[in-house]
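Written out below as structure tokens is the structure these notes cover.
The values are calculated or read from the model by the stated rules, or taken from the named source; none is laboratory data. Since we're looking at a predicted model, the values are computed, not measured. Please note: Cβ atoms are built from the backbone with ideal geometry, for glycine as well, and neighbour counts cover all protein chains shown.
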Amino acid sequence: MGETSNERGMKPHISVLPGDGIGPEVVKVALGELPGEFDYVVIEASAERYLAEGTLISDEEIAAVSDSDALLFGAVGDHRVPDGVLERGILLRLRKELDLYVNLRPFPEIGITFVRENSEGPYSGVGGREGEIANEVNVNTVAGVERCVRYAFEHAQEHGRRLTLVHKSNVLVHAGALWREVTERVGGDFPDVEWNYEHADACAYHLARHPSRYEVIVTDNLFGDILSDLAAGLGEGLGAAASANLHPDPTTRPTRCLGLFEPVHGSAPDIAGTGLADPTAAIGAARMMVDELQRSWLASKS
Ligand code: IPM
Ligand code: MN
């Protein structure tokens, strides 16, 4: 147990949100594989509860998650609920409230790790519908981009790997220039890390044809969402892809919770309850959680 105890020398206290569809099945298997002892609290947020009671996730549940060391998450999504309600109301709310600004997605089979910015871009929630016009504002701040890019350089440096910044600076000239400027400046602090820039469309092509040209990819929220599914398709598939939503800097972390760990896949309602769901991604997410808890425990000792 000692290896995963937290800074207070106690068992790690985690929260578990199984969610919808295959979420509960895969999370159950993942919990059974956790090494050592964990205390956990279950958060019942789901489509089922939303349909019965109208609650997505309560402030008390957010507080319970904030007071745990980490959150293991299954999946949200249900055809009976309009698009975005569960996604924005549960998953994106948690990413925002816990300020989980990095979405780390390793694909060991192809040797590529994505560092996806996880709080801004077109996911900002800024915009709206006015009659025949719909705006979804792509918000990028120097502070928001810098903390993500800095983490990407640290990760690349620690693993001795090259970094590629992916954006679309030939069209998204304002956001693209901001990302390139910030990466240029932060890169100055990491002279050992070799880095280059590529456009997102070219990256999609090269991922399909020459994935070995990438080691660590840092990119914005929406490009990271799409390109990481492509990367999952090149390797063992979505059933095996795990991710960590992190606030890696303990000095600015707003709550006790260091991250939300989840499969990259969704709720797959078509196979829920059939026994066909592959728990590999959820098990991988639980392993990433244990690794991060250990890292943070070790860091707090040094
Ligand atoms: C992911 C998912 C989410 C996202 C959805 C469910 C909101 O696709 O984690 O990749 O778009 O970030
Ligand atoms: Mn996705």
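Values as computed for the structure displayed
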| read-out | value |
| --- | --- |
| Pairs with Cβ under 6 Å, 6+ apart, first in segment 143-156 and more than 13 Å from ARG116 (Cα to Cα), second at pLDDT 95 or above | ALA156/LEU163; ALA156/VAL193; ALA156/VAL216 |
| Checklist (1) at pLDDT below 95; (2) hydrophobic (A, V, I, L, M, F, W, C); (3) surrounded by 20 or more Cβ atoms within 10 Å (Cβ to Cβ) applied to CYS257, failing item | (1) |
| Odd one out for LEU91 among (1) touching a helix residue (DSSP H, G or I) at 6+ places or on another chain (Cβ under 9 Å); (2) within 16 Å of ligand 2 (Cβ to nearest atom); (3) under 18 Å from GLY259 (Cα atoms) | (1) |
| Any hit, segment 145-161, residues being under 18 Å from PRO191 (Cα atoms), part of a helix (DSSP H, G or I), touching a Ser or Thr at 6+ places or on another chain (Cβ under 9 Å) and basic (Lys, Arg) | yes |
| Test for GLY74: is it within 13 Å of ligand 1 (Cβ to nearest atom) and in contact with a Pro (Cβ under 8 Å, 6 or more places away or on another chain) | yes |
| Test set (1) away from ligand 1 (no atom under 14 Å from the Cβ); (2) over 18 Å from GLU292 (Cβ atoms) - SER124 fails condition number | (1) |
| Single match in THR252, THR274 (criterion: closer than 20 Å to ILE62 by Cα and of a type in the set (Ser, Thr, Tyr)) | THR252 |
| Qualifying residue in segment 213-220 (condition: under 21 Å from GLY74 (Cα atoms), surrounded by 21 or more Cβ atoms within 10 Å (Cβ to Cβ) and under 18 Å from the mean Cα position of the chain (by Cα)) | no |
| Test result for ILE57, closer than 19 Å to LEU100 by Cβ and buried (at least 18 other Cβ atoms within 10 Å of the Cβ) | yes |
| Residue within segment 63-82 that is in a helix (DSSP H, G or I), at pLDDT 95 or above and buried (at least 22 other Cβ atoms within 10 Å of the Cβ) present | yes |
| Inter-residue pairs, beta-carbon under 8 Å, first closer than 18 Å to ASN245 by Cα and acidic (Asp, Glu) and in segment 256-283, second more than 12 Å from ligand 1 (Cβ to nearest atom) and at pLDDT below 95, 6+ apart | none |
| Number of the condition not met by SER169 [criteria: (1) small (Gly, Ala, Ser); (2) in contact (Cβ under 8 Å) with a residue 12 or more places away in the chain; (3) within 16 Å of ligand 1 (Cβ to nearest atom)] | (3) |
| Members of segment 13-52 found to be farther than 23 Å from LEU92 by Cα, touching an Asp or Glu at 6+ places or on another chain (Cβ under 8 Å) and modelled with pLDDT of 95 or more, listed by number | none |
| Test set (1) modelled with pLDDT of 95 or more; (2) within 16 Å of ligand 2 (Cβ to nearest atom) - MET289 fails condition number | (2) |
| Residue tally, condition of a type in the set (A, V, I, L, M, F, W, C) and within 16 Å of ligand 2 (Cβ to nearest atom), over segment 260-286 | 7 |
| Breaking point among (1) more than 23 Å from ALA242 (Cβ to Cβ); (2) within 14 Å of ligand 1 (Cβ to nearest atom); (3) hydrophobic (A, V, I, L, M, F, W, C), for ALA64 | (2) |
| The lone exception for GLY121 - which of (1) buried (at least 18 other Cβ atoms within 10 Å of the Cβ); (2) more than 27 Å from GLY176 (Cβ to Cβ); (3) in contact (Cβ under 8 Å) with a residue 60 or more places away in the chain it fails | (2) |
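Every residue, every condition in (1) in contact (Cβ under 8 Å) with a residue 60 or more places away in the chain; (2) of a type outside the set (D, E, K, R), yes or no:
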position: HIS13; (1), (2): no, yes
position: ILE22; (1), (2): yes, yes
position: GLU33; (1), (2): yes, no
position: GLU44; (1), (2): no, no
position: TYR50; (1), (2): no, yes
position: SER68; (1), (2): yes, yes
position: ILE90; (1), (2): yes, yes
position: ARG93; (1), (2): no, no
